[in-house]
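Read the structure below first, then the notes.
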Amino acid sequence: MLLTHSAAKAEEAADATPPQAAVTPAIMRSAPLEDHPPTIAIIIDDMGNYQHMGERAIRIPAPLTLSFLPFRPHTISQARLAYAAGKEIMLHIPMENVKRIPLGASGLTSDMSNQDMVVTFRQAIKAIPYVSGVNNHMGSALTQNRAAMNLVMGELQGYPLYFVDSRTTASSIAHSVAVSHSIPTLDRDVFLDHVISTKAIDFQFKRLLDIARKKGTAIAIGHPHKETIEYLEKVLPSLGEQGVAIATIKGLWAIRNNAQDMFQTTPPTILAERHHDSEPKKSVN
């Protein structure tokens with residue numbers, strides 16, 4: 001069994017069929033949360049680095065959300081292919097981490113000038129075809145920096161884009177700052193593959209289902225590792241048999257917010273809804 005420090009450790013290593021519906025049919029109804037089956041969303045991070053496993057992720061017959069690193073070898077071609085396959089597309093923006101792991105292209109760091117940070121972020125957004133939202137790649141340092149988060153969310157406020165806090169540290173303020181800027185925002189419940197083995201991924205996936213059954217919805221983040229993709233290829237086609245639905249991030253947000261338009265004026269109490277599980281909170285990069 002290969003052990004890594006975290007999903008961010010897997011990200012560190014990364015820097016070295018017919019179209020699917022964007023959401024499940026249940027999401028299209030305007031109904032309260034209790035009227036929906038337990039629903040999960042799965043984000044696959046680090047897209048754009050790996051040709052073969054990235055293409056396999058795109059072919060999985062489920063409405064996954066794929067998060068692309070900017071300016072990587074396969075980002076543009078795979079984002080277009082994924083969009084054509086009915087997947088939702090995100091920007092996986094590299095952010096400064098406490099371990100000072102190199103970020104690669106478009107990395108946001110606290111020593112940047114305000115102008116450099118905004119321009120770098122803006123260019124990264126524009127580099128991802130069909131982008132619908134943003135989540136952080138690493139970021140255990142920058143997501144604790146209020147000035148930086150205000151700058152990032154102030155820029156994001158000018159786009160019809162949502163934000164997902166990957167929660168690579170328990171001290172992240174990214175979610176709360178996004179809420180203060182009236183940005184539709186959610187955060188991760190489970191990392192599927194911070195330990196890269198089928199047994200560990202299965203354990204985390206079952207935790208994801210348990211959280212969704214308890215709270216109505218849950219969000220997981222995984223990576224295009226062979227073990228992760230093979231596991232999802234096997235289990236997702238039969239998910240409905242367990243009484244669980246899968247949606248994109250937009251679809252899951254719609255469930256939590258009674259099918260309200262993501263970019264209409266939304267009461268802060270709704271936007272601020274947090275959906276944490278009970279896993280121990282600790283810094284992971």
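The values are calculated or read from the model by the stated rules, or taken from the named source; none is laboratory data. Quantities reported herein were computed from a predicted structural model and do not represent experimental measurements. We place every Cβ from the backbone using ideal geometry, glycine too, and count neighbours over all the protein chains shown. Each accessible area value is taken on the protein alone, full model and side chains, heavy atoms only, with ligands, DNA and RNA left out. Shrake-Rupley method; radii C 1.70, N 1.55, O 1.52, S 1.80 Å.
For this structure, a couple of remarks:
- Residue 219 meets the conditions (1) surrounded by fewer than 22 Cβ atoms within 10 Å (Cβ to Cβ); (2) assigned to a strand (DSSP E or B) in every case but one. The failed one is (1).
- Test for residue 209: is it within 23 Å of residue 83 (Cα to Cα) and not in a loop (DSSP other than H, G, I, E, B): no
- Tally, over the stretch 68-103, of residues that are out of contact with any strand residue (DSSP E or B) (no Cβ under 6 Å at 6 or more places or on another chain) and of a type in the set (Gly, Ala, Ser): 4
- Pair list, Cβ < 9 Å and 6+ apart or interchain, from the stretch 203-216 residues that are on the phi > 0 side of the Ramachandran plot to residues that are buried (at least 19 other Cβ atoms within 10 Å of the Cβ) and hydroxyl-bearing (Ser, Thr, Tyr): 216/39
- Scanning the stretch 89-124 for residues that are open to solvent by 10 Å² or more (accessible area, probe 1.4 Å) and under 15 Å from residue 162 (Cα atoms) gives a single hit, 122.
- Residue count for the stretch 53-70, restricted to those that are touching a helix residue (DSSP H, G or I) at 6+ places or on another chain (Cβ under 8 Å) and either open to solvent by 10 Å² or more (accessible area, probe 1.4 Å) or small (Gly, Ala, Ser) (or both): 8
- Options 166, 132, 197: the member that is in contact with a strand residue (DSSP E or B) (Cβ under 6 Å, 6 or more places away or on another chain) and open to solvent by 10 Å² or more (accessible area, probe 1.4 Å): 132
- Matching residues, the stretch 211-225, being of a type outside the set (S, T, N, Q) and within 19 Å of the chain's Cα centre (by Cα): 211, 212, 215, 216, 218, 219, 220, 221, 222, 223, 224, 225
- Across the stretch 145-162, a minimum of one residue is classified as under 16 Å from residue 253 (Cα atoms) and of a type in the set (A, V, I, L, M, F, W, C).
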